[in-house]
Ligand code: PRP
Ligand code: ZN
Ligand code: MG
């Protein structure tokens, strides 16, 4: 692969992690010139650029080497790692730091009338989710034979539509569940924002840049604790 002398970091373009990620980078001392399309930000203070993308695309961008580092929810990383494992693909990214924001959990939730039942009551039911890898691993570990229904969004309305008896989705404030008369019953996975990078380091000037970035990041994170 061609030697590169600038580091490229992928962050969420819009959504829960977008603003805190930008704030963190500013505190590290990075400043950027934004392009007209606002998808690429050129690093001015250091040769570190930003790519603004959908969070779900971040692990793949790191895996293929388009981006060097990424700020993403551990849930997205773990889901795609699970899918890679299932497809027999090698590990393609690694969690380098936890960042102390964006905490949430991937939970199973059921309609209010079914609240209070044990996990085993999910057997034979349909569970709608955008996280089939993590959910199936959780079900497998507990030997619960449920059907996983894949939905890419608006998972919380699946029970009302008669598409599933339960859902498995991210819960942060709990507002979405409450608005849909659903009750959290099981925590499948705990998540927060993390810095992700390739499993092995970089073989060119990016190695020094990544080390500098991590040093500065650690300084900022230490102050936060
Ligand atoms: C998650 C999840 C719920 C909502 C829960 O979606 O899918 O819709 O957040 O948050 P709450 O408990 O605070 O109501 P998110 O906004 O992360 O977007 P995405 O599903 O499109 O990635
Ligand atoms: Zn998303
Ligand atoms: Mg959502």
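What follows is calculated from the coordinates using simple rules that are stated; it is not laboratory data. Quantities reported herein were computed from a predicted structural model and do not represent experimental measurements. Note that we place each Cβ from the backbone using ideal geometry, even for glycine, and neighbour counts take in every protein chain shown.
Sequence-distant contacts, meaning Cα pairs under 8 Å at least 6 residues apart, place the relative contact order of the stretch 67-171 at 31 percent.
Helix 206-224: angle to the longest alpha-carbon principal axis of the chain, degrees 0 to 90, nearest 10? The helix 206-224 is inclined about 60 degrees to the chain.
Using a ≥ b ≥ c from the Cα gyration tensor of the stretch 104-191 (square roots of the eigenvalues), is it rounded, prolate or oblate, where a/c under 1.5 gives rounded and otherwise the larger of a/b and b/c decides, a/b for prolate? Cα axes put the stretch 104-191 in the rounded bin.
Short-range pairs are left out: with C-alpha atoms under 8 Å and at least six residues apart, the relative contact order of the chain is 27 percent.
When only Cα pairs below 8 angstrom with a gap of at least 6 residues are kept, the stretch 129-206 shows a relative contact order of 27 percent.
Please label the shape of the stretch 66-125 as rounded, prolate or oblate, based on the square roots a ≥ b ≥ c of the eigenvalues of the alpha-carbon gyration tensor (a/c under 1.5 means rounded; beyond that, a/b larger than b/c means prolate, else oblate). In terms of gyration-tensor shape, oblate.
Pop a pseudo-label 7 angstrom from the Cα along the beta-carbon direction at both residue 97 and residue 37 and give the gap in nm to one decimal. Result for the modelled spin labels: 2.9 nm. Working ranking of peptides 211-220, 31-40 by packing, defined as the average number of other Cβ atoms within 10 Å per residue, highest first, is 211-220, 31-40.
For the options 146, 193, 115, a Gaussian network treatment of the chain with springs between C-alpha atoms closer than 10 Å singles out 115 as fluctuating the most. With angles folded into 0 to 90 degrees, how steeply does helix 18-27 sit against the dominant principal axis of the chain? Use alpha carbons for both and round to 10. It works out to around 30 degrees. Within the stretch 102-145, name every residue whose backbone N is under 11 Å away from a label modeled 7 Å from Cα of residue 83 along the Cβ vector. Zone members listed by number: 130-134. Packing, as the average of other Cβ atoms within 10 Å across residues, places the peptides 150-160, 88-98, 121-131 in the order 121-131, 150-160, 88-98, highest first.
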